[in-house]
Amino acid sequence: MSISERYPDGTRKGIPGNYEEAAAYIEELPRFTKKHSLEHTKEFLRRLGNPAADRKIIHVAGTNGKGSVCAFLQALLMAEGKQTGFFTSPHLVSVNERIRRNNVPVDNGMFFAVFCEVLEAARQMEEEGAGHPSYFEFLFGMGMKAFSRMDVEYIILETGLGGRLDATNSIEHPALSVITSISLDHTDILGDTITQIAGEKAGIIKSGVPVIFDGSNQEAAEVIRRKAREKGAPCKEISNHAFEIREVTRKHIAFSRVNAYDKYVICKVSICGCYQAMNAELALEAAEYLMGDRRIPDGRDLRGGQDVGCTADEIRDQRRREAIASVRWEGRMEQAAPHLIIDGAHNPGAVEAFVESVKALGAEGKGGMVLIFSAVSDKKYEQMIAYLCGHLDVKAYVVTEVEDARRVPAGELMWVFRRYTDRLVVCETDIGEALRRAEALREGEGDIYCLGSLYLAGMVRKRLKGGVDYA
């Protein structure tokens, strides 16, 4: 029986009649349909009237940092007075979070209105034998339809997985492409080497469309440079030498940079992950290009940059620094409560960045630090665990489970931890109990860090929002 004939409880129903039924329909899609080709997504968008295709679209791919770069860029565009749409994934609490206008998730009324339009096109495709769009494809169609309705000028699209075959890559003429840091993740789909994964991410590069990218990993950078040359895409590589971290505190990261007017400036990011300096720099470079402050070289010198000769605008520069400082990105080194930090690190590269940030904060020397960890089965969780155990001085680990069919049983995680550490490892399958146990184990000024999965980050935030008393 097809998805057009049934949804959540398996009974035959008509079109969902309200927001709650629409959200339930979408959540059931993974059970009934699968990912399709880019041609399928393009046909889906054509049936929707190619919504928002005439807007300025910034396409962002990468292994880690995509969401943060998008959030910074959104704030920068808003600071310039631009109406800005942002399509992101995953969501932490509500599916509405995936479709935002000026950083405000669409309300239930708008969500349901565009759902109905998109559902009609999806059912027509299924009835004709083309196949119902997948979960991500359906939401992407909803996002583009919503942005068209809301009449935004700029749209920031965050890829879901990979880049080359991602549904968002059906957009053929973006204004700019951005590629964030690249490391090993989704190796069963994207390849098991940096070169292969970089090739998939570089698949978003379009002919003649400028690309700005994180050049920290030289193996990945070479792949991106080569693809840019093939496509004739003007290219700007951002290395770790583009900025210098000056201060790391629990409330902010301060870093210095040279702006588009060759002026030395200090920026502050109100998120305490060291990796956010690079993410903010990528977003600043993107905003400077989009606002006409900076030209991207033509591809013959892919490592360099050339500034347009223009007079410094100190007011604009200050406005941008304030925009960067204003960003709060949920689930990324987020202090969600006293002594409780949530981080969405869910692959080896992100875990290494997490450890770097914890060490920069000096958190290891402040008493009994406790980590709460959970993971899903398609992630390299043993590699993540081994790195945590080998690089952080932790009093105890609390393992738990996320609410997802791919969750790794807490008991299995416990035994993996015990292979790599002699510190206390306890098992609490319920998130609330895991939080309470971690608080009981924490000592002095020691903090509780939750990581391993964005699902875990979302569940913790949901529990805290619901008033769970873990202390």
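The values are calculated or read from the model by the stated rules, or taken from the named source; none is laboratory data. Everything numeric here is computed off the predicted structure, so don't read it as measured data. Because the Cβ atoms are built from the backbone with ideal geometry, glycine has one as well, and the counts that use them run over all protein chains shown.
Within segment 415-425, the set of residues being of a type outside the set (Val, Ile, Thr) and surrounded by 19 or more Cβ atoms within 10 Å (Cβ to Cβ) comprises just one member, PHE417. For segment 97-126, the set of residues classified as among the aliphatic types (A, V, I, L, M) and either in a helix (DSSP H, G or I) or surrounded by 24 or more Cβ atoms within 10 Å (Cβ to Cβ) (or both) consists of ILE99, VAL106, MET110, ALA113, VAL114, VAL118, LEU119, ALA121, ALA122, MET125, listed by residue number.
Quick check on this structure: which one of ILE372, ILE385 is crowded, with 16+ Cβ neighbours inside 10 Å and either assigned to a helix (DSSP H, G or I) or free of Cβ contacts under 8 Å to residues at least 12 places away in the same chain (or both)? Give the steps one after another, and end with the answer.
Details: ILE372 fails: either assigned to a helix (DSSP H, G or I) or free of Cβ contacts under 8 Å to residues at least 12 places away in the same chain (or both).
Unique residue meeting the criteria: ILE385.
Kindly provide the set of residues from segment 72-96 that are over 18 Å from ASP317 (Cα atoms) and either outside any loop (DSSP other than H, G, I, E, B) or of a type in the set (A, V, I, L, M, F, W, C) (or both), ordered by number. The answer is THR84, GLY85, PHE86, PHE87, LEU92, VAL93, VAL95, ASN96.
Of all residues being at positive phi and out of contact with any Phe, Trp or Tyr (no Cβ under 8 Å at 6 or more places or on another chain) in segment 324-346, which is surrounded by the fewest Cβ atoms within 10 Å (Cβ to Cβ)? Just the residue, please. Applying the filter and picking the extreme gives HIS339.
A single entry from VAL178, VAL152, VAL104 fulfils the requirement of being under 30 Å from ALA79 (Cβ atoms), free of Cβ contacts under 8 Å to residues at least 24 places away in the same chain and of a type in the set (A, V, I, L, M): VAL104.
Look at VAL248 and say whether it is touching a His at 6+ places or on another chain (Cβ under 7 Å) and assigned by TED's automatic domain parsing to the domain that holds ARG46. Taking the combined requirement at face value, the residue does not satisfy it.
Within segment 182-205, restricting attention to residues that are among the aliphatic types (A, V, I, L, M) and assigned to a helix (DSSP H, G or I), the residue that is modelled with the highest pLDDT is ILE204. Summed over segment 36-59, residues that are assigned to a loop (DSSP other than H, G, I, E, B) and surrounded by 18 or more Cβ atoms within 10 Å (Cβ to Cβ) total 5. Scanning segment 80-92 for residues that are modelled with pLDDT of 90 or more and crowded, with 20+ Cβ neighbours inside 10 Å yields THR84, GLY85, PHE86, PHE87, THR88. Among the residues of segment 238-249, not a single one is closer than 21 Å to VAL60 by Cβ, among the charged types (D, E, K, R) and part of a strand (DSSP E or B).
Does VAL152 count as in a loop (DSSP other than H, G, I, E, B) and within 17 Å of ILE58 (Cα to Cα)?
yes
If you go through segment 20-45 and keep only what is out of contact with any Phe, Trp or Tyr (no Cβ under 6 Å at 6 or more places or on another chain) and more than 17 Å from LEU165 (Cβ to Cβ), you end up with GLU20, GLU21, ALA23, ALA24, ILE26, GLU27, ARG31, PHE32.
Residues in segment 388-410 that are within 26 Å of PRO30 (Cβ to Cβ) and either outside the structural domain of GLY452 (by TED's automatic domain parsing) or not β-branched (Val, Ile, Thr) (or both) were compared, and the one that is surrounded by the most Cβ atoms within 10 Å (Cβ to Cβ) is GLU401. Only residues that are at pLDDT 80 or above, of a type outside the set (D, E, K, R) and in a loop (DSSP other than H, G, I, E, B) were counted across segment 307-364, and they come to 8.
Of the residues in segment 156-163, not one is closer than 19 Å to LEU290 by Cα, at pLDDT 95 or above and in a loop (DSSP other than H, G, I, E, B).
If you take the residues of segment 115-138 that are within 15 Å of ARG98 (Cα to Cα) and touching a Pro at 6+ places or on another chain (Cβ under 9 Å), which of them is modelled with the lowest pLDDT? Per the criteria, the residue is TYR135.
When you check PRO234 against the structure, is it under 22 Å from GLU285 (Cα atoms) and either modelled with pLDDT under 90 or out of contact with any Gly (no Cβ under 9 Å at 6 or more places or on another chain) (or both), yes or no?
No; evaluated as a whole, the condition is false for this residue.
Could you look through segment 421-471, keep only residues that are over 24 Å from ALA350 (Cβ atoms), assigned to a loop (DSSP other than H, G, I, E, B) and more than 28 Å from the chain's Cα centre (by Cα), and pick out the one that is modelled with the highest pLDDT? Among those residues, the one meeting the criterion is ASP422. The selection criterion, being assigned to a loop (DSSP other than H, G, I, E, B), closer than 18 Å to PRO90 by Cβ and in contact with a helix residue (DSSP H, G or I) (Cβ under 9 Å, 6 or more places away or on another chain), does not hold for ASP393.
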